[in-house]
């Protein structure tokens, strides 16, 4: 009986762990073309987090195009709170238009060797100099708590859109007001959704039950340009299994472009009104004379 229980336990343990892979490595941007001044973000999950932390220490990372080698600097390491770690990478010089480059990592061993699939991009003819901007500034849309076999998925949900969001990452800075700690991470947007938290297997942020949080958002495009300032802080509380999910189905974020147009219209109306008043005063003085 004891052996039977051991076998059953082992089966369920292996099955549950199989649902969450042991290690993986992903690279952004995912699109096939990049600008001459492109930057990169590489992320490690699970056991591959160690590789991310030791890039250019134990494992050299660089770009290669035929005989040409472009060295890469690790600008920053961002530690997620649940099985994720990412590195912001920047080539040491501009890339050559028309060439195709591969991202290489030396001395890969074990699971990292199979987890990393070499990424390749073709360089466009010009550098990207545009600063990313919000089209629709983020707003809070609710929370969710979903139980799964290996653990829950917990998220605070926001919606917001950026210009050319396929080549833009969302920078999230989360402040735990209960214990005065801050974590930040670059997130990939999904349509209009920005999700702060973690899934069953991994995620950038974790929550403490019954804690108060604030989040600010920023933008970074594939050339490393960042929005000039973060959004205003948005307050929320941690998702819990005792509170039902209340995520809104629709997104009603603030359309900044429309606001800009409205302010412009107000200015035109004001100028028009002043002009009419001036004409009226002029006609009155002519008639009086």
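Among (1) within 21 Å of the chain's Cα centre (by Cα); (2) outside any helix (DSSP H, G or I); (3) within 22 Å of residue 114 (Cα to Cα), there is one condition residue 76 misses while meeting the rest; what is its number?
(3)
Working carefully through the options 189, 138, find the one that is buried (at least 17 other Cβ atoms within 10 Å of the Cβ), on the phi < 0 side of the Ramachandran plot and in contact with a helix residue (DSSP H, G or I) (Cβ under 6 Å, 6 or more places away or on another chain). Spell out the reasoning first.
Values: 138 fails: in contact with a helix residue (DSSP H, G or I) (Cβ under 6 Å, 6 or more places away or on another chain).
The conditions single out 189.
Any residue that is outside any loop (DSSP other than H, G, I, E, B), at pLDDT 95 or above and within 17 Å of the chain's Cα centre (by Cα) - is there at least one of those in segment 205-213?
no
Could you list all residues from segment 101-121 that are surrounded by 15 or more Cβ atoms within 10 Å (Cβ to Cβ) and at pLDDT 95 or above? Lay out the reasoning, then the answer.
If we filter segment 101-121 for residues that are surrounded by 15 or more Cβ atoms within 10 Å (Cβ to Cβ), which is where we start, we get 101, 103-105, 108, 111-112, 115-116, 119, 121.
101, 103, 104, 105, 108, 112, 115, 116, 119, 121, listed by residue number.
Considering every residue within segment 164-183, establish whether at least one is touching a residue at least 12 places away in the same chain (Cβ under 8 Å), surrounded by fewer than 16 Cβ atoms within 10 Å (Cβ to Cβ), within 14 Å of the chain's Cα centre (by Cα) and farther than 14 Å from residue 138 by Cβ.
From segment 164-183, those touching a residue at least 12 places away in the same chain (Cβ under 8 Å) are 164-179, 183; that's our starting set.
Right, trim to surrounded by fewer than 16 Cβ atoms within 10 Å (Cβ to Cβ) and you get 164, 166, 177-179.
Going one step further and asking which of them are within 14 Å of the chain's Cα centre (by Cα), we end up with 164, 166.
Of the ones still in play, those that are also farther than 14 Å from residue 138 by Cβ are 164, 166.
Scanning segment 164-183 turns up at least one residue that is touching a residue at least 12 places away in the same chain (Cβ under 8 Å), surrounded by fewer than 16 Cβ atoms within 10 Å (Cβ to Cβ), within 14 Å of the chain's Cα centre (by Cα) and farther than 14 Å from residue 138 by Cβ.
Among the numbered criteria (1) surrounded by 14 or more Cβ atoms within 10 Å (Cβ to Cβ); (2) touching a residue at least 12 places away in the same chain (Cβ under 8 Å); (3) not in a loop (DSSP other than H, G, I, E, B), which one does residue 50 miss?
Residue 50 satisfies all of (1) surrounded by 14 or more Cβ atoms within 10 Å (Cβ to Cβ); (2) touching a residue at least 12 places away in the same chain (Cβ under 8 Å); (3) not in a loop (DSSP other than H, G, I, E, B) except (2).
Is at least one residue of segment 145-156 outside the structural domain of residue 73 (by TED's automatic domain parsing), in a strand (DSSP E or B), in contact (Cβ under 8 Å) with a residue 24 or more places away in the chain and within 22 Å of residue 76 (Cβ to Cβ)? Spell out how you get there, then give the answer.
So in segment 145-156, the residues outside the structural domain of residue 73 (by TED's automatic domain parsing) come out as 145-156.
Narrowing the set further to residues that are in a strand (DSSP E or B) leaves 145-148, 151-156.
Adding the requirement that they be in contact (Cβ under 8 Å) with a residue 24 or more places away in the chain leaves 145-148, 151-156.
Applying the additional criterion that residues be within 22 Å of residue 76 (Cβ to Cβ) yields none.
So far as segment 145-156 goes, no, none of its residues is outside the structural domain of residue 73 (by TED's automatic domain parsing), in a strand (DSSP E or B), in contact (Cβ under 8 Å) with a residue 24 or more places away in the chain and within 22 Å of residue 76 (Cβ to Cβ).
Do the conditions hold for residue 69, that is, is it within 24 Å of the chain's Cα centre (by Cα) and either farther than 22 Å from residue 167 by Cα or outside the structural domain of residue 198 (by TED's automatic domain parsing) (or both)?
In short, no.
Can you say whether residue 79 is farther than 25 Å from residue 20 by Cβ and out of contact with any helix residue (DSSP H, G or I) (no Cβ under 8 Å at 6 or more places or on another chain), as far as the supplied structure shows? Spell out the reasoning first.
Values: farther than 25 Å from residue 20 by Cβ: no; out of contact with any helix residue (DSSP H, G or I) (no Cβ under 8 Å at 6 or more places or on another chain): yes.
Spelling it out, it is not the case that residue 79 is farther than 25 Å from residue 20 by Cβ and out of contact with any helix residue (DSSP H, G or I) (no Cβ under 8 Å at 6 or more places or on another chain).
Assuming residue 118 fulfils every condition listed in (1) closer than 25 Å to residue 34 by Cα; (2) touching a residue at least 24 places away in the same chain (Cβ under 8 Å); (3) out of contact with any helix residue (DSSP H, G or I) (no Cβ under 6 Å at 6 or more places or on another chain) apart from one, which condition is it?
(2)
Considering only residues that are within 9 Å of the chain's Cα centre (by Cα) and either more than 19 Å from residue 41 (Cβ to Cβ) or assigned to a loop (DSSP other than H, G, I, E, B) (or both), which ones fall in segment 185-204? Quick ask: steps written out before the conclusion?
Of the residues in segment 185-204, the ones within 9 Å of the chain's Cα centre (by Cα) are 185-189, 194.
Result: 188, 189.
With under 22 Å from the mean Cα position of the chain (by Cα) and at pLDDT 50 or above as the only criterion, which of 64, 52 stands out? Reasoning before the result, please.
Working: 64 fails: under 22 Å from the mean Cα position of the chain (by Cα).
Among 64, 52, only 52 is under 22 Å from the mean Cα position of the chain (by Cα) and at pLDDT 50 or above.
The values are calculated or read from the model by the stated rules, or taken from the named source; none is laboratory data. It should be emphasised that the depicted structure is a prediction, and the values quoted were computed from it without experimental measurement. Please note: Cβ atoms are built from the backbone with ideal geometry, for glycine as well, and neighbour counts cover all protein chains shown.
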